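Reading through the structure tokens given below for one structure.
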Amino acid sequence: MKSGLLSVTKRLLLRETCSSGVLKPLFTAALRKQSTFVASSQPKIQLGTCLNNIETYNSKINAFSSVTDRATLLHIESQKKAEVSAESPLEGLPIAVKANFCTKDFPTTCGSNMLKDFTSPYDASVVQYIKDSGGIIIGKTNMDEFGMGSANTFSAHGITYNPATLKLGGNSSLVDLDEDLLRVAGGSSGGSAAAVAADMCFAALGSDTGGSVRLPASYCGVVGFKPSYGRCSRYGLISYANSLDTVGILAKSVDSVEKVYDVISRYDARDPTAIPTEIRTQIDEDRAKLDLFNSPGLEGLRVGVPEEYYVEELTQPSLDTWKRSIEFLRSEGATIVPVSCPYTPYALSAYYILAPAEASSNLARYDGVRYGHRDCENVPKAGELYSKTRDEGFGPEVQRRILLGTYVLTANAYDQYFLQAQKIRRLIQEDFNQVFALPNRLSPTSASTKKHTNADVHVLITPAAISTAPLVKDYQATKNPVDAYVNDVMTIPPSLAGIPAITVPFGISDVDGHPIGVQLLSQYGDEKTLLKVAAHLEAGKQA
């Protein structure tokens, strides 16, 4: 990321957007262009339809790494219908699961050759909750290896392609399209986003460490939701970075996302990072005092627009979409408030120190001894076994991040890099505590240390990505891997703070015709306010 500092002109332009209504004609015209994508949104999608779409499109899109055969799934569906009850909110709905969630019935590969033959003996907690609520696990989705990537190009299962290109081409198969036109689906949950966008499932589970649900959601034109860290159990989610990994949900609508969220959001004693029940109760009590949503509009809601997200890398279509979303919320009665989160420009650098450091520790367990890939041919010494196994099992991006993480944890670099990044992380969290009206119940001093400002907002609105989905050929041609990390610049700050965030599709680029999303953030634990505002924003997209 570049400096992140804004010119005076840009700051004034953003503040004008917050305080005026001059953008309304542009806002209305852009919304009319989205009918192609809106028409494909479905409140419920049948299993048979999903299976047909998988059979038709998956060989080209490559959204799924494994799928249950049709006969077995239809048998499961008939059983679910026979067992339906009032406690089965997901009854018969096909749900896809990212390949880093443990499942008894499918391989759990994490998109890596290291685990290509691994099948877990148990289901992750969130997978079990979905099954218990009547959902049908239709298959496992492709992903960047161990969650390390922003485009789903670093997978042992191959690249996942963006279905939005298929819609634009108007063809029944990507084989008819010029390969130079194919775009990335985003990562690391690109398979989940593509599966939802192509109507291969009702909803999909993803994992979000620094934007791995929200970025592909923006690229593919679907809703991507990252709850607060600890809201949904991580038991059975194979770790990339323990202090950042969060269970996420992708679907065609906010209502569909919330339907799945209500099923999987619960305390789980098997997850030591789960939000305790008493804290959940306190958060609910805090939110009840807000007295919002008492009218059809958004009167009383305060929406913050953080100026630090207006970065040089932000393309004009993404900027225009951000402005239109702000104008729509104002038209619904919300008060728009310019705010500042001054440590945001340091978030990207801090993340790419902290996440690789945790990954280097987590991935040390893959040594070819207990499970996973193992190459023991002509290897006389244990050290050589470990080295050769890891060299063959891990792809280049994973190896790069392991090396980076190992370095920042060395004695010479620990104080200079790792500890400084941890300090930045706390300052970013404090930035959010300063602007939100609600206190952060995991930071007891947040209310007492809050500065006297006029912010006190209920949600923040930012771009979800700096651009539409890049072309695959352009992404792969990037010479410096660090340049690709800039794609995460909008999604990383809420991940470092552990707060909830959601991406909602709100525009179509006038330049390339691909979807653009905006991102909403709220205080730690306040998912319900976030989802309600997201639903209003979604309605504006469909107007």
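Throughout, read-outs are computed from the coordinates displayed, never taken from laboratory work. The model shown is predicted, which means the values in this text are computed figures rather than measured ones. Heads up, the Cβs are rebuilt from the backbone with ideal geometry, glycines too, and the neighbour counts pull from every protein chain shown.
A compact table of results
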{"quantity": "Label-point separation in nm, ASP512 to ILE279, each point 7 Å along Cα→Cβ", "calculated": "3.9 nm"}
{"quantity": "Förster-model FRET efficiency, 41 Å R0, LYS473 and ASN294, C-beta, rounded to 0.05", "calculated": "0.20"}
{"quantity": "Burial ordering of ASP117, ASP208, fewest other beta-carbon atoms within 10 Å first", "calculated": "ASP117, ASP208"}
{"quantity": "Dipole in debye (nearest 20) - region 47-275, about Cα centre, beta carbon charges: Lys, Arg +1; Asp, Glu -1", "calculated": "240 debye"}
{"quantity": "Residues LYS541, LYS388, LYS98, sorted so that the one with the fewest Cβ neighbours within 10 Å comes first", "calculated": "LYS388, LYS541, LYS98"}
{"quantity": "Distance between region 248-321 and region 477-543 - C-alpha centres, whole angstrom", "calculated": "12 Å"}
{"quantity": "Fully extended contour minus Cα-Cα distance, from GLN416 to GLU55, at 0.36 nm per residue", "calculated": "124.8 nm"}
{"quantity": "Among GLN282, CYS220, ASN294 - extreme Cα towards positive end, dipole of region 187-305, charges at beta-carbon", "calculated": "CYS220"}
{"quantity": "The chain: relative contact order as a whole-number percent, Cα under 8 Å and 6+ apart", "calculated": "19 percent"}
{"quantity": "Mean Cα-pair separation over length for region 210-345, i.e. relative contact order, pairs under 8 Å, 6 or more apart, %", "calculated": "19 percent"}
{"quantity": "Per residue convex hull volume, Cα atoms of the chain, in Å³", "calculated": "154 Å³"}
{"quantity": "Environment charge of LEU471, counting only residues whose C-beta is closer than 13 Å and scoring Lys/Arg +1, Asp/Glu -1", "calculated": "-3"}
{"quantity": "Filter on LYS44/LYS140; LYS60/LYS541; LYS104/LYS388; LYS60/LYS479; LYS44/LYS98; LYS226/LYS528 - keep pairs with C-alpha separation over 22 Å", "calculated": "LYS60/LYS541; LYS104/LYS388; LYS60/LYS479"}
{"quantity": "In nm, spacing of pseudo-spin labels at SER331 and VAL486 (7 Å Cα→C-beta vector)", "calculated": "3.3 nm"}
{"quantity": "Around ALA124: net Lys/Arg minus Asp/Glu count, Cβ-Cβ under 14 Å", "calculated": "+1"}
{"quantity": "Sequence-separation-based contact order of region 47-275, relative, with Cα cut under 8 Å and 6+ spacing, percent", "calculated": "21 percent"}
{"quantity": "Inter-probe distance in nm under a simple model that places probes 7 Å from Cα toward Cβ, at THR315 and ASP69", "calculated": "4.3 nm"}
{"quantity": "Calculated FRET efficiency for the pair ASP117/SER340, C-beta based, R₀ 56 Å, to 0.05", "calculated": "0.65"}
{"quantity": "Cβ-placed point charges (K, R +1; D, E -1), dipole of the chain about Cα centre in debye, nearest 20", "calculated": "540 debye"}
{"quantity": "Packing-based ranking, highest mean first, of 231-242, 276-287, 392-403, 472-483 given that Cβ atoms within 10 Å are counted", "calculated": "231-242, 392-403, 276-287, 472-483"}
{"quantity": "Residue order, fewest to most surrounding Cβ atoms within 10 angstrom, among ILE428, ILE45", "calculated": "ILE45, ILE428"}
{"quantity": "Among PRO342, LEU205, GLY111 - extreme Cα towards positive end, dipole of the chain, charges at beta-carbon", "calculated": "PRO342"}
{"quantity": "Estimated FRET transfer efficiency when R0 is 41 angstrom, pair ALA269-GLU179 (beta carbons, to 0.05)", "calculated": "0.25"}
{"quantity": "Reachable aspartates and glutamates, given that their alpha-carbon falls under 18 Å from the alpha-carbon of LYS423 and they are not under 8 places away in the same chain", "calculated": "GLU358, ASP415, ASP431"}
{"quantity": "Among LEU530, ILE402, ILE95 the positive-end extreme of the charge dipole of the chain (Cβ point charges)", "calculated": "LEU530"}
{"quantity": "MRE, 222 nm, helices only [DSSP H, n ≥ 4, -39500 (n - 2.57), over the chain, to nearest 500]", "calculated": "-11500 deg cm²/dmol"}
